[in-house]
Amino acid sequence: MRVAVLVSGGGTNLQALIDAKAAGKLPNAQLALVVASKPGVYALERAAKAGIETAVVRRKDYASADAFNDAMLQTLQSHGIEAVVLAGYLSMVGQNVVRAYPDRILNIHPSLIPSFCGAGYYGLRVHQAALKKGVKVTGATVHLVNEAYDDGRIVLQKAVYVEEGDTPETLQRRVMEQAEWEILPRALDLLTSGRL
Ligand code: GRF
């Protein structure tokens, strides 16, 4: 199954997918395209090193959200994409994309949904909120993306302990290393092998 990975930053989740593919853990997935929300992000370098075609579809290059969403859908469809992974992607995918890929879009979120998710909860802010709340356990969630974004069907979750003295940065790193990078490739394998 031809898969596109949408990225916005460092691309460590993309790297986890690349490494899983190289290790033979994604037999039914072809990482066919990486689309970045802006140029110059390190995720694009990771893609190029792995020989994966890249594209940039940036909201501010378009006069309207509709034009941006149309460009995104056109980019995906012109590359024969069959499934999409949002890996550290900070824009919203348009409803046109969600409708074109029903139960075929995965998102990784750095908390145990339904905690600390929804508008405003992304990146470090998620971990700041978890520390502020004083939770003892957090983690990551891979879910399907539907019209309401963060509340699609949960596919996989993995818990991570909060440790004494954690900062948002140390907690984010642990959640990525111990949870995100494990469950995202596993979820993509479930999807591409028809087991979702
Ligand atoms: C990570 O916190 C991830 O949980 C979130 O985006 C951040 C960066 O991800 N989805 P990446 O390194 O760009 O994959």
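The values are calculated or read from the model by the stated rules, or taken from the named source; none is laboratory data. Everything numeric here is computed off the predicted structure, so don't read it as measured data. All Cβ positions, glycine included, derive from the backbone under ideal geometry; neighbour counts span all protein chains shown. Please note that ligands, DNA and RNA were not included when accessible areas were found on the heavy atoms of the full protein model with its side chains. Shrake-Rupley method; radii C 1.70, N 1.55, O 1.52, S 1.80 Å.
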GNM on the chain, C-alpha springs below 10 Å: top fluctuator among LEU26, LEU90, LEU44? LEU90
How big, on average over all directions, is the shadow cast by the Cα convex hull of the chain, in nm²? 10.3
Net length gained if the chain between MET1 and ARG153 were fully extended (0.36 nm per residue, minus Cα distance): 52.7 nm
Among ALA130, TYR89, SER37 the positive-end extreme of the charge dipole of the stretch 1-143 (Cβ point charges): ALA130
Cross-link partners among aspartates and glutamates for LYS25, C-alpha distance below 19 Å, same-chain residues fewer than 8 apart left out? GLU82, GLU177, GLU180, GLU182, ASP189
How high is the relative contact order of the stretch 79-146, in percent, with contacts defined as C-alpha pairs under 8 Å that are six or more residues apart? 39
Run the reach check for LYS38 against lysines, Cα to Cα strictly under 17 Å, same-chain hits fewer than 8 apart removed. What comes back? LYS60
Expressed as a whole percentage, what fraction of the accessible surface of the stretch 81-148 belongs to carbon and sulfur atoms when a 1.4 Å probe is rolled over the protein heavy atoms? 54
Out of the stretch 107-186, which GluC sites (Glu not before Pro) are coil in DSSP terms and have no more than 15 other C-beta atoms within 10 Å? GLU147, GLU163, GLU164
Residue with peak Gaussian network fluctuation, the chain [Cα springs, cutoff 10 Å], from THR167, THR12, THR141: THR167
Can you compute the modelled spin-label distance between ALA65 and SER193, with each label point 7 Å from Cα toward Cβ, in nm? 3.8
Provide the descending list of Cα extents for the stretch 114-172 along its principal axes, expressed in whole angstroms. 37, 22, 16
Extended-chain gain in nm, criterion 0.36 nm per residue less alpha-carbon gap, TYR161 and ARG58: 33.5 nm
Just to verify a number: FRET efficiency for ASP103 and ARG186, C-beta to C-beta distance, R0 = 22 Å, to 0.05? 0.85
How much accessible area per residue does the stretch 1-62 have, in Å², with a 1.4 Å probe? 45
Taking Cα pairs closer than 8 Å and at least 6 residues apart, the relative contact order of the chain in percent is 22
With every protein chain kept in place and a 1.4 Å probe, the stretch 81-196 has an accessible area per residue in Å² of 48
Low-density loop positions, trypsin sites (Lys or Arg not before Pro), the stretch 65-164 - DSSP coil, at most 15 other Cβ in 10 Å: LYS136, ARG153
Have a look at HIS79, HIS143, HIS127 and tell me which one the Gaussian network model of the chain (Cα, springs below 10 Å) gives the largest fluctuation. HIS79
